[in-house]
Amino acid sequence: MRKLIPADLTPHYSRAFLFCMDWIYEAEGGDSDHSADKGGRTRFGISKGAYPSVDIPTLTWPQAMRIYHRDFWRGSRAKELAEHGLLELAFLHCDGAINHGVPLANMLLQQVLGVKVDGILGSRTLAAAINHNQEDLLVDYFARRASKYSRIAVNDPSQITFLYGWHRRLFKLENRIEKAVMNESFYCSWDFV
């Protein structure tokens with residue numbers, strides 16, 4: 001892990017979650033207050049729009065990690081995807097939940113899997129993900145997310161300013177996952193808290 005993860009937090013979170021958070025820290029960065037961002041002011045990707053009771057300017061990275069763990073790693077069931085050995089999908093899905101919201105990320109995954117699209121990652125969606133060709137699933141999920149970004153920009157031209165960055169985020173995440181998978185220790189001794 002990079003030094004981005006405070007050493008005192010590592011015993012409390014799984015290596016799988018920390019790998020994901022290392023990526024999220026890089027992708028989301030520090031502070032942002034872009035006038036066209038519908039979420040409003042953000043810090044570490046946590047927005048005032050989504051978390052109105054959080055004091056965004058004073059939010060620390062450990063506090064953001066707690067939100068990500070509760071609402072996105074566990075909330076999107078990425079943790080369970082990882083527990084079933086679908087680590088790449090878990091990382092992609094958690095990132096999608098953070099960027100699109102949990103229900104929409106679940107719907108995009110369900111569309112790829114060809115199951116009922118209800119925004120809830122239940123036992124049927126989980127089973128379909130487990131039994132799906134993983135390479136095709138990842139490629140199709142990346143493509144579905146890219147398509148969603150494009151539709152957002154088409155439907156709301158004020159958001160086109162973010163399109164390049166959204167697509168770049170996906171390409172960088174794909175590269176990050178690919179590099180990690182090529183490391184032969186990637187699948188060894190993960191824990192999934």
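The values are calculated or read from the model by the stated rules, or taken from the named source; none is laboratory data. Bear in mind the structure is a predicted one, so any value in this text is a computation, not a measurement. We place every Cβ from the backbone using ideal geometry, glycine too, and count neighbours over all the protein chains shown.
Specify which of the listed residues (E80, E88) is more than 24 Å from W166 (Cα to Cα) and part of a helix (DSSP H, G or I).
None of the others qualify; the one that does is E80.
Filter the helices (runs of 4 or more DSSP H) completely within region 123-183 down to those with at least 2 residues that are within 24 Å of E26 (Cα to Cα) and among the acidic types (D, E).
163-182
Considering only region 73-97, state which residues are farther than 13 Å from L18 by Cα and among the hydrophobic types (A, V, I, L, M, F, W, C).
Of everything in region 73-97, those that are farther than 13 Å from L18 by Cα and among the hydrophobic types (A, V, I, L, M, F, W, C) turn out to be L81, L86, L89, L92, A97.
Among the numbered criteria (1) of a type outside the set (A, V, I, L, M); (2) free of Cβ contacts under 8 Å to residues at least 60 places away in the same chain; (3) within 23 Å of A127 (Cβ to Cβ), which one does D22 miss?
All conditions pass for D22, except number (3).
Residue by residue through region 20-57, note down the ones that are farther than 20 Å from L163 by Cβ, at pLDDT below 90 and surrounded by 15 or more Cβ atoms within 10 Å (Cβ to Cβ).
The one that is farther than 20 Å from L163 by Cβ, at pLDDT below 90 and surrounded by 15 or more Cβ atoms within 10 Å (Cβ to Cβ): R41.
Quick one: count up the residues across region 146-176 that are free of Cβ contacts under 8 Å to residues at least 24 places away in the same chain and either surrounded by fewer than 17 Cβ atoms within 10 Å (Cβ to Cβ) or not hydroxyl-bearing (S, T, Y) (or both).
17
Go through the residues of region 122-140 one by one and say whether even a single one is small (G, A, S), at pLDDT 95 or above and within 22 Å of S47 (Cα to Cα).
no
Within region 58-78, how many residues are surrounded by fewer than 23 Cβ atoms within 10 Å (Cβ to Cβ), within 25 Å of Q110 (Cα to Cα) and either at pLDDT below 95 or not basic (K, R) (or both)?
The number of residues fulfilling the criteria is 4.
Name the one entry in A143, A97, A128, A90 that is without any contact (Cβ under 8 Å) to a residue 40 or more places away in the chain and in contact with an Asp or Glu (Cβ under 9 Å, 6 or more places away or on another chain).
After ruling out the rest, the residue left standing is A97.
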